[in-house]
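K.L.:
Let me give you the structure first, and then I'll get to my questions.
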Amino acid sequence: MARGTYMTDVVIGCDIGTQSCKAVAIDAAGQVLARATAGYQVLHPHPGWAEQDAATWEQALDQVITSVAADVGPERVAALGIAGQIDGIVAVDAKDAALAPAIIWMDRRATAETTDLANRWGAAAMRRRTGLAIDASHGAPKIAWLARARRYAREAPPDAYLLPVSYLVARLTGSRVVDPAAASSSLLLDLGTGDWADDLLDDLGMTRASMALIRPAASVAGQIRVTVADRLGVRQGVPVMVGTGDEHAACLGAGVLDPGLVCDITGTAEPVAAVATTPEVDPTGLLETHPHAVPDRWLIENPGFVSGGSTRWLADAVLGVPERDLFQLAAAAPVGADGLVFVPALGGAVTPRWNDRARGTFHGLRLGHDRRHLARAVLEGCAFALRDVVDGLEAMGLTADGRIRVVGGGARDDLWVRIKSDVTGRPMERVTEPEVTAFGAALLAAAGVGWFRDAASAARATVVPMPHVELPDPGHHAQYMDAYDRYRRIYDALEPIDMGGAVSGTGHP
């Protein structure tokens, strides 16, 4: 594809995750030509808080784009696509500079604001309108908390509140934009109109000027700023797409586009989603409803219990071993971990029911248990939570295909995939590209520059499932039926207990 004197035949997709930024460069056939990763930390200044310095996202983004562009040849870069963690909020000034640390998805400080929203608007009514649970993980309670903290400190209001992906696109281009999929995580998007709900904004003392403009994910947000292009070493005028949320990009990059197939995204959290053609709302409240990154499709999903975050916690904080060793330890323990059960609620629970007071639990510890059993129980507990969600999707008629397509870091471990298959009783399959979120972001860029008719066409042309499908072992599945029943009874027994209490949210940034 010739443009002037340049051959621009590569697009770059970036994934701003919880623990790292990843990038891939692909050609028009979907072949990955280069990849890069840069890590950063989550900060926990108070119990229940989770923050990140937005500047570290920019630094990591610079690093990975510079790396992959240098590998393929900077003059070849046709466009950039960005996907990012959802539910986070960045308060910015008029120049899109962050005024305080970003409050990210796992932060639980805004419990009082969540209760206030529920009292004013009604949880059921909000679910019907926005598709979401009124929960401290979402954007609106975080914005309310920031407003309260600002008044406490007698500070001027920010110029805008941006989601992580919108913040980075604004820093790259100067345009404040967000796609419906990412915007829906704010609890401020009206599913019926696909636009901001003015009365909800007004309730928080905001206007549309406080938020990004809603535009399709694969549309061009703007051209990369000259100073940014020079810093990254790419040519001037490179278009940057609006982008989308990380789990939406992951479903695109995994080829989960039509009803019937379940997508299991195993990262720090583990969102589990299926596609619907209408914005169905789960009457039980377990599942939430988001627009897909693909127009005219919806993701019915659970936003994710702490999954990879649980394995990292066990490896780092408890066992003191590299995370990869945890999986080797788990392989040495028997199915069912000799009766040891783990409830994966280290950041509160979103399954089998939403409860931000729930806490992670090991139940059934005996003197005969050791680190092998702890490791196995964590993997199995996360698989039990996966089954909670898959059963909910099945009840809504969204699992007709029968398969679960597992992607993300956890998809690389054969044991964990096998456990999930045995627990759910369903075939598990993987795709050839391991970094599906960055790949999905690259597909948005490829569609945005006209290589494909749209993002769905890009995914259908490039996503390749692995030939091997993990099938459930009938004997292990029978054992796990009993273990899963114990897991549910343990959760039911512990749920009424205030395990540590709610986060007070009395601190201030």
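K.L.:
Sort out the exposed loop trypsin sites (Lys or Arg not before Pro) in the chain (DSSP loop, at most 14 other Cβ within 10 Å) and tell me the longest stretch that has none. Write out the running numbers ahead of the final one.
P.N.:
Details: sites that count: Lys95, Arg154, Arg353, Arg366, Arg453.
Excluding the exposed sites themselves, the longest stretch runs over 155-352.
K.L.:
Under a plain spin-label model, where a point goes 7 Å from the Cα along Cα-to-Cβ, how far apart in nm are Thr284 and Asp296?
P.N.:
3.1
K.L.:
What ³J(HN,Hα) values, in whole Hz, does the Karplus curve 6.51 cos²θ - 1.76 cosθ + 1.60 give for the stretch 341-352 when θ = phi - 60°, with x put for Gly and Pro?
P.N.:
With coefficients 6.51, -1.76 and 1.60, one gets 10, 10, 9, x, 10, 5, x, x, 10, 10, 7, x Hz.
K.L.:
Next question, about the same structure. How large is the accessible surface per residue of the stretch 1-135, computed with a 1.4 Å probe and reported in Å² as a whole number?
P.N.:
Details: 5090 Å² over 135 residues.
For the stretch 1-135, the solvent-accessible area averages 38 Å² per residue.
K.L.:
What is the gain in length, in nm to one decimal, between His44 and Asp230 on full extension, counting 0.36 nm per residue of separation less the C-alpha to C-alpha distance?
P.N.:
63.5 nm
K.L.:
Indicate the gyration tensor shape class of the stretch 218-363 (rounded, prolate or oblate), computed on the Cα atoms with a ≥ b ≥ c the square roots of the eigenvalues: a/c under 1.5 is rounded; otherwise a/b larger than b/c is prolate and the rest oblate.
P.N.:
oblate
K.L.:
Now a separate question. Could you tell me which label, among [x] 29.3; [y] 21.9; [z] 24.6, carries the value of mean projected area of the Cα convex hull in nm² calculated for this structure?
P.N.:
[y]
K.L.:
Tell me, what is the percent relative contact order of the stretch 237-351, built from C-alpha pairs under 8 Å that lie six or more residues apart?
P.N.:
21
K.L.:
Whole Å is fine, so just give me how far the alpha carbon centre of the stretch 282-352 lies from that of the stretch 353-420.
P.N.:
If you average the Cα positions of each part, the centres end up 6 Å apart.
K.L.:
So, in Å, what gap is there between the alpha-carbon centers of the stretch 146-188 and the stretch 64-126?
P.N.:
For the stretch 146-188 versus the stretch 64-126, the Cα centre distance is 8 Å.
K.L.:
While we're here: In whole percent, what relative contact order does the stretch 388-509 give with Cα contacts below 8 Å and a gap of six or more residues?
P.N.:
RCO, the stretch 388-509: 25 percent.
K.L.:
For the chain, return all DSSP H helices satisfying: extent of Cα atoms along own axis at least 20 Å; mean Kyte-Doolittle hydropathy at least -0.5.
P.N.:
On the way: long enough: 54-72 (27 Å, 0.49); 139-153 (21 Å, -0.29); 371-395 (36 Å, 0.24); 474-494 (30 Å, -1.21).
Going by DSSP H runs, the hits are 54-72, 139-153, 371-395.
K.L.:
What dipole magnitude, in Debye to the nearest 20, does the stretch 275-365 give about its Cα centre under +1 on Lys/Arg Cβ and -1 on Asp/Glu Cβ?
P.N.:
Dipole magnitude for the stretch 275-365 comes out near 220 debye.
K.L.:
Per DSSP H run of at least 4 residues, take -39500 (n - 2.57); add these up for the chain, divide by its residues and hand me the 222 nm value, nearest 500 deg cm²/dmol.
P.N.:
One gets -11000 deg cm²/dmol as the mean residue ellipticity at 222 nm.
K.L.:
To check you understand DSSP bridge types, tell me what percent of the beta bridges within the chain (both residues inside) are antiparallel, rounded to 5.
P.N.:
Given both bridge residues lie in the chain, the antiparallel proportion sits at roughly 70 percent.
K.L.:
Same structure, new question: Roughly what would the spin-label model give for Leu319 and Arg403, points 7 Å off Cα along C-beta, in nm?
P.N.:
About 3.0 nm, to one decimal.
K.L.:
Now a separate question. Is the stretch 399-447 rounded, prolate or oblate when judged by the Cα gyration tensor, a ≥ b ≥ c being the square roots of its eigenvalues, rounded requiring a/c under 1.5 and prolate requiring a/b larger than b/c?
P.N.:
oblate
The values are calculated or read from the model by the stated rules, or taken from the named source; none is laboratory data. Everything numeric in this text was worked out from a predicted model, so none of it was measured. Reconstructed Cβ throughout: ideal geometry from the backbone, glycine too, with neighbour counts over all protein chains shown. Accessible surface areas use protein heavy atoms only, side chains included; no ligands, DNA or RNA. Shrake-Rupley method; radii C 1.70, N 1.55, O 1.52, S 1.80 Å.
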